[in-house]
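*Asks:* Dropping the structure in here first, questions after.
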Amino acid sequence: MLSNYDTTVVGLFSIAQKLFEGRVLDKKELSEEFGVRSKTIQRDINFRLASLPIVYIRGKGWQLNKPT
C-alpha cells in the first residue's frame, strides 16, 4: 500500500508525463482520476509543478508550453 507521500509523487509524475505527451489536462478529469478535489489539482500544478512551463488555455485546461 502506498503512503500519502508516494501517492502524491505518483500523481505528480503522471500529470507531468501527460503534459510531456502533449495532452491538454482538465482539472475536473484529473480530480476524478486521482480521487482528490479540484483545488488539490490546481495547487499541485501551480506550486509543485511550477518549474515546468505550463500554460492554461481558457475553456480547455493546462498544456506544456513547448519552445518554438
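*Asks:* Roughly how many debye, to the nearest 20, is the charge dipole of segment 4-64 about its Cα centre, given +1 on each Lys and Arg Cβ, -1 on each Asp and Glu Cβ, and no other charges?
*Replies:* 300 debye
*Asks:* For the chain, run through the GluC sites (Glu not before Pro) and keep only the ones in DSSP coil with at most 10 other Cβ atoms within 10 Å of their Cβ.
*Replies:* GLU21
*Asks:* If the viscosity is 1.002 mPa s and the temperature 20 °C, what translational diffusion coefficient in µm²/s does Stokes-Einstein give for segment 4-64 when Rh comes from Kirkwood over Cα pairs?
*Replies:* 186 µm²/s
*Asks:* If we count other beta carbons within 10 Å of each Cβ, what is the order of LEU30, LEU64, fewest first?
*Replies:* Lowest count first: LEU64, LEU30.
*Asks:* For the chain, what is the relative contact order in percent, using Cα pairs closer than 8 Å and at least 6 residues apart in sequence?
*Replies:* Relative contact order here is 33 percent.
*Asks:* Taking θ as phi - 60°, what are the ³J(HN,Hα) couplings along segment 52-67 by the Karplus curve (6.51, -1.76, 1.60), each to the nearest whole Hz, with x for Gly and Pro?
*Replies:* My calculation for segment 52-67 gives 8, x, 9, 10, 9, 9, 3, x, 10, x, 9, 8, 6, 7, 7, x Hz in order.
Every number in this text was worked out from the coordinates using simple rules, so none of it is lab data. None of the values given here were measured: they were computed from a predicted structure. Note that each Cβ is placed from the backbone with ideal geometry, even for glycine, and that neighbours are counted across all protein chains shown.
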